[in-house]
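A.B. asks: Got a structure for you, questions after.
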Amino acid sequence: WAFIINISDENDRQESFVKIIHLFQEQLSLSSMPFLHMGYGRMYDNIFDLTYSYREALETLKFRLYAESPSSETLESIDSAMHIPDTKLKDSLMEAIRTGSPEEASQHCRAVFTDIELQNLTVEQAFSIASGITNAALELLISLEIDTSSYTSSDYYKKIDNAESISQLSVCTEEFVVSAAGNIQLFNRKHSSTIVKRLLEYINSHLGED
């Protein structure tokens with residue numbers, strides 16, 4: 001099940017959210033159904049960002065499946081459960097890499113790790129996020145058939161593995177994504193005529209379908 005909750009109270013949105021969750025618990029009798037878990041996404045002001053909140057709720061649920069869930073949710077337990085990486089920021093970062101924009105990739109990467117610190121995530125959680133970002137960037141390079149030997153043989157992964165703080169993870173992850181975006185930028189320049197040709201072919205073949 002997925003519930004979309006609209007909270008108009010700007011002053012105590014989190015407290016209002018806890019009250020609604022308590023109501024759900026009473027209606028669903030969560031205390032008598034220990035197998036039923038609840039995951040929460042962040043609160044977004046724009047309805048078009050609901051997809052991010054849904055994905056975050058799934059991520060929260062994944063973690064809570066392996067943790068001991070409280071019999072009754074509190075402000076603290078929900079706040080703790082919602083300490084998850086910002087999906088919207090991560091998507092923006094991947095889009096910057098995908099389009100070959102090193103400067104934007106750098107900015108979005110810093111924003112991701114700033115959010116990680118604001119969420120009070122642990123170094124282990126930050127490591128998981130950093131690994132996910134670098135792996136996704138590497139997959140992009142492989143999908144474009146860009147030579148990745150310099151990445152697999154470089155010390156990028158060693159730096160991430162040896163990082164002892166979130167700031168260190170931030171630095172080495174930023175170095176990785178900027179390099180990846182730079183390589184994609186070079187690829188796009190070399191293959192710009194091919195990209196335009198494929199785009200025109202796609203437009204012509206799908207013109208009038210709608």
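A.B. asks: Mind ranking 130-143, 111-124 by how tightly packed they are, going by the mean number of other C-beta atoms within 10 angstrom, highest first? Mind dumping the intermediate values first?
C.D. replies: Values: 130-143: 17.2, 111-124: 15.5.
The packing order, highest mean first, is 130-143, 111-124.
A.B. asks: Starting from the Cα gyration tensor of the stretch 130-185, multiply each eigenvalue by 5, take the square root, and state the resulting semi-axes largest first in whole Å.
C.D. replies: Details: eigenvalues 80, 23, 16 Å².
Equivalent-ellipsoid dimensions as semi-axes: 20, 11, 9 Å.
A.B. asks: Need the full-extension length gain, Thr99 to Lys62, defined as separation in residues times 0.36 nm minus the C-alpha distance. One decimal, nm.
C.D. replies: On the way: separation 37, 0.36 × 37 = 13.32 nm, distance 3.03 nm.
Here the answer is 10.3 nm.
Rule-based calculations on the coordinates, nothing more; no lab input. In this text, all values refer to a predicted model and were calculated from it rather than measured experimentally. In this analysis, Cβ positions are derived from the backbone assuming ideal geometry, glycine residues included, and neighbour counts consider all displayed protein chains.
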